[in-house]
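To start, the structure under review is shown below, and the notes come after it.
Only the coordinates and a few stated rules stand behind these numbers; no lab work does. Note that the structure is predicted; figures quoted are calculated from it, not measured. Every residue, glycine as well, gets a Cβ built from its backbone with ideal geometry; the counts of neighbours run over all protein chains shown.
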Amino acid sequence: MQYETVIGLEVHTELSTKSKIFCSCTTQFGGEANTHVCPVCAGLPGALPVLNAEVVERAVRAGLATHCTITRDNKFDRKNYFYPDLPKAYQISQLYFPICTDGYVELASGKRVRLREIHMEEDAGKLTHDPYADASLADYNRCGVPLLEIVTQPDISCAEEAVETVEKLRAILQYTNVSDGKMQEGSLRADVNLSVRPKGSQTLGTRTEMKNINSLRAIARAIEAEAERQIDLIESGGAVTQETRRWDDDAGESYAMRSKEDAQDYKYYPDPDLPPIHISEADIERIAESMPELPEAKKQRYMTELGLPAYDTNLLTSDLALVRLFEATAKAVSDPPSPADYKEASNWILGEVLRLASETATLPENFAFSPHSLAKLIRLVKSNTINRNTAKKVFKEVFAADTDPEAYVKEHNLAMTTDADAIRAAVEAVLAANEKSVKEYKSGKAQALQYLIGQSMKALKGKAPAPEVKALLEALLR
Amino acid sequence: MNITELTALELAQQLHTKRLSIAQVLDAYYAAIAEKNEELQAYISVCGKELTYARAAEIQARLDVGEIRSPLAGVPIAVKDVICTAGIPTTCGSRTLEHFLPPYNATIVERILAADMILLGKTNCDEFAMGSTTETSYFGITKNPRDTSRVPGGSSGGSAAAVAGNLAPIALGTDTGGSIRQPAAYCGIAGLKPTYGAVSRYGLIAYASSLDQAGPMGKNAADCAALFGIICGPDERDSTSAKGYRYEPPLQGAMPLRGTRIGIPQEFLSEALQPEIKQTIDSLTQKLQAEGAAIVSVSLPQLAYAVPTYYIMACAECCSNLSRYDGIKYGHSADAESLRETYIRSRSEGFGLECKRRVMLGNFVLSSGYFDAYYMKALKVRRLIQNAYLKAFESCDVILGPVAPTTAPRIGESLDDPLAMYLSDIYTVTVNLAGLPGLSLPIGKDSNGLPIGLQLIGKPYEDAFLLALGEALPSC
């Protein structure tokens, strides 16, 4: 039988606000355990939460960027459960009136993945097990870091679509400065709800939920493995149990954590410590006006205004760090940049930059070099000071340590010679030494010219402009 | 002159006119505490003399040069032990927090310290403010100074007993369903439950967050007004504190009684009320009429649902507020093999019966399948009660009634029948549910010589008017 997979995602993203959602402690990642805490986020008796208005602002931005309806009268609810990472024994979240509802993100295919809601909540602390002391240690630094939970409808039908949905959301969150989207620091993590059903069926199968998957690759792997597991189960006469599972990416398997019967009763109720927050029409208008260009609009503009191909724009706009690098580089080449400058910047970024990034496993937001250095390099090529091959070698240095390309070229004497006599002398010497090739060329073998160009460039140590050498050779051979 | 019999304002006047020194005042109170606290058990902990006298010396130096930071500068104060005091044990009357030292002061504690008042000690209360008798405290039963065989009321029974027993000139209490007003009535003192939001809750260890409010307890309304003026006002650390609230007492010499319309809900004067209390209220209303006030009959038809509504709301909130006490980070921790066992034993040992009962009730009314029938319904009835008060206030300026159905019961009489104990909250809980200010004042005594209290209920944020009215009330 043919099966189809039905997937819904819950994407949790940490907001990039300076301070926590209900107190003024820093949200900075890391730090010595329990140093970013105060009576409020540590849940000490008597302490009270005060909402950080910036969180509401960013949630509205995320909602507007995903075509959501913004809830005017917002409330917070308490989600009650015992867990050592939750010092109040309840999480302040939104159940009854989430801040954004009924939006969507559009995939490259044109398919829309509908968003059921986006709600605000606080993050919990982090537990680590110390095997030597046989003790679990709680670090509350992350307690109270603001989170948005973005819940999709079950509109996703394969791992690729799930990954694309997360990528699109991630780009939107980055563009709107809602979140830094750093998955490796846990700023973005996803729960995957998945069920399978016979192809064409309209009823949903029993679903499982896999929690806290924190890389795109793991999301794809988890989906593929879980769909296969469910199909195998059904094929062998079994039935899927509604349960929460933990995806172990190292093992490439998921494990049952708890079944529906053991599901927690969170006893949600309105948090009496936080009065309702009203968002006015004027607030929404103000935020809408301050919205930056979103990925989709930017992509369109790159194609129509800058004349970049669709493939290039897709890659460039998928990551805000690349967008920033691209725009700043082009602008530093010349201001305003010409279409050729844009194309050149794009070629460099999609070529050498991403190649080295992948070789060294460096994320775009962690690049060591500045757009100015890359632009200098592009200018050196543009002005024929160095040729492309030399430039690629120089860029390795730029990429590794933001080396100044101009200084480097000077120091290593890589600039092309502009001395016409020296070039002529070198070319003449090559012609004299390669009579055979000269003969071949004159008898109509055009490739012989390439060999002669190569020999001349070699003699000139690559420091002459190739077109000039070619022209000179052609003139002398005529 | 017996120093400990003076009201807080009389004491302040003596201090500010340099007829008494703060040291003399502290001597008198420490002596009174040494003599009577063992019997009354008004205080759980008394502040060490060394630090207290050192602070007194600083304040004395300011008074000596005429720097008087508040109307109660130099006056000692007792604080209910559910209010956080930095570095001073704050137990909530519970074994759970027996050794808890808060790292910070509640906003209202910061305010009394900024007003140059002197913290004398922390007063006993029902465990986590749950109770009407101060018998559920882990640290012993507080006695009523008017008759030590009787309870002082609760949950702010320690604060009431301290003021009534002359162990403190004035005190802070908290009121979730009557916990300032009822012990004030039982002990024959005055106490204000302010409008919800008029006083910051930051640092007040929560029982039921939407109902809790701290307030002053003193020998009379004027003392309460002076302390209320110090502690009230917005606090950016409490989102539920009223942003624009300012205490503005009526002008001196104003006659708040003349022309005031006083509403009396007929439901308040039912047969359940002790006849002597009804008689005392009747005779007071006659005097008020004679002084120019108009008596209006009003109705609060939802009164019958007030107690169940209150206990559903309060228990729902307290069960989540008390969940954090797991024995791991602070508070009583049982030694157990597993984490789960540590939680279970720490909480089983840490909480007393009444707390457990309310946590269980709260978990029940919030659990899935019951939430709509209990919590949501209570929320709706709460709104009806609020609306009924607003409607009543269309025809009157203030509502008058009893505080409790009886005068102080004997120790041990109440705990065996929690339902009867809960029902005795009938006159006070609606005020918390509606977020209104309520003032309890002593207006007489029953045939056993036990104090009878009167309750004045005001419109939202009319605390100052209520206090002025209380000061102008004729004696019975």
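Give the distance, in whole Å, between the Cα centre of segment A:180-207 and the Cα centre of segment A:420-451. One Cα centre to the other: 65 Å. Restricting attention to chain B, close to 70% of DSSP beta bridges with both partner residues there are antiparallel.
In angstrom, the C-alpha Rg and Dmax of segment B:242-399 are 22.9, 71. The convex hull of the Cα atoms of segment A:293-411, projected and averaged over all directions, covers 6.9 nm². Working note: Karplus 6.51/-1.76/1.60 with θ = phi - 60° gives segment A:377-386 the couplings 4, 4, 5, 4, 6, 4, 8, 6, 6, 9 Hz, where Gly and Pro are set to x. Taking the Cα centre of chain A as origin and assigning +1 to Lys and Arg Cβ atoms and -1 to Asp and Glu Cβ atoms, the resulting dipole is close to 1900 debye.
The mean number of partner chain beta-carbon atoms within 10 angstrom of a residue's beta-carbon across peptide A:45-57 is 5. Rg/Rh, computed from the Cα trace of segment A:3-283 with Rh as the Kirkwood radius, has the value 0.97. Normalising the Debye intensity of segment B:3-231 to I(0), with uniform scatterers on Cα atoms only, and taking log10 at q = 0.12, 0.16 Å⁻¹ returns -0.54, -1.00.
For segment A:3-283, what is the relative contact order in percent, using Cα pairs closer than 8 Å and at least 6 residues apart in sequence?
Reported relative contact order: 25 percent.
Could you work out the percent of alpha carbon pairs in segment B:418-476 separated by over 14 Å, rounded to a whole number? Summing the P(r) of segment B:418-476 above 14 Å gives 63 percent of all pairs. When only alpha carbons are used to place a centre, segment A:1-48 and segment A:319-398 end up 36 Å from one another.
State, as an integer percentage, the relative contact order of segment B:153-230 based on alpha-carbon contacts under 8 Å between residues 6 or more apart.
33 percent
Work from the charge dipole of segment A:293-411 (Cβ charges, +1 for Lys and Arg, -1 for Asp and Glu, about the Cα centre) and give the residue of A:L374, A:A391, A:L315 farthest towards its positive end. Toward the positive end, the furthest listed residue is A:A391.
At q = 0.15, 0.19 Å⁻¹ the log10 of I(q)/I(0) for segment B:80-160 amounts to -0.52, -0.78, computed by Debye summation with a single uniform scatterer per C-alpha, solvent ignored.
Distant-in-sequence amide contacts of B:A206, defined by a placed amide H-H separation under 5 Å and a gap of 5 or more residues or a different chain, comprise A:G46. Evaluated at q = 0.13 Å⁻¹, a Debye calculation over the C-alpha positions of chain B (equal weights, vacuum) places log10 I(q)/I(0) at -1.18.
The mean number of Cβ atoms from other chains found within 10 Å of a Cβ in peptide B:372-382 is 1, as a whole number. Applying the Kirkwood pairwise sum to the alpha-carbon positions of segment B:320-369 produces a hydrodynamic radius of 11.5 angstrom. Size of segment B:285-348 from its Cα atoms: along the principal axes, largest to smallest, the extents are 71, 24, 14 Å. Summarising the strand pairing of the protein assembly as shown, around 85 percent of its internal DSSP beta bridges are antiparallel.
The shape of the protein assembly as shown can be summarised by an equivalent ellipsoid whose semi-axes, obtained from the alpha carbon gyration tensor, come to 74, 32, 25 Å from longest to shortest. Taken as Cα centroids, segment B:287-337 and segment B:15-61 sit 33 Å apart, rounded to the nearest whole angstrom. In this structure, A:T241 and A:E160 have a Cβ-Cβ separation that, at R0 = 35 Å, corresponds to a calculated FRET efficiency of about 0.85.
Expressed in Å, the radius of gyration and Dmax of the Cα atoms of chain A are 29.3, 97. In order along segment B:317-333, phi translates into HN-Hα couplings of 5, 5, 5, 7, 5, 8, 5, 5, 7, 10, x, 9, 8, 6, x, 4, 10 Hz, rounded to whole numbers, per the Karplus curve 6.51 cos²θ - 1.76 cosθ + 1.60 with θ = phi - 60° and x for Gly and Pro. Taking packing as the residue-averaged number of other Cβ atoms within 10 angstrom, the listed peptides A:247-254, B:82-89, B:397-404 run from highest to lowest as B:397-404, B:82-89, A:247-254.
When each of the peptides B:111-117, A:105-111 is scored by the mean number of other C-beta atoms lying within 10 Å of its residues, the order from highest to lowest reads B:111-117, A:105-111.
Under the definition of Cα pairs under 8 Å and six or more residues apart, what whole-number percent is the relative contact order of chain B?
Value for chain B: 17 percent.
Take the Cα of A:K458, step 7 Å toward its Cβ, do the same at B:K49, and the gap between the two points is 10.4 nm. Taking the charge dipole of segment B:3-231 about its Cα centre, with +1 at Lys and Arg Cβ atoms and -1 at Asp and Glu Cβ atoms, the residue from B:I170, B:A57, B:L120 reaching farthest to the positive side is B:I170. Think of the protein assembly as shown as having a plus end and a minus end, set by charges on the Cβ of Lys, Arg, Asp and Glu; of B:M217, A:V353, B:P183, A:V353 sits farthest toward the positive end of this dipole. Residue by residue along A:269-276, Cβ atoms of other protein chains within 10 Å of the local Cβ number 6 on average.
Relative to the Cα centre, the charge distribution of segment A:3-283, modelled as +1 at Lys and Arg Cβ and -1 at Asp and Glu Cβ, gives a dipole magnitude of about 460 debye. Length gained on full extension, A:D102 to A:E4: 32.8 nm, using 0.36 nm per residue less the C-alpha separation.
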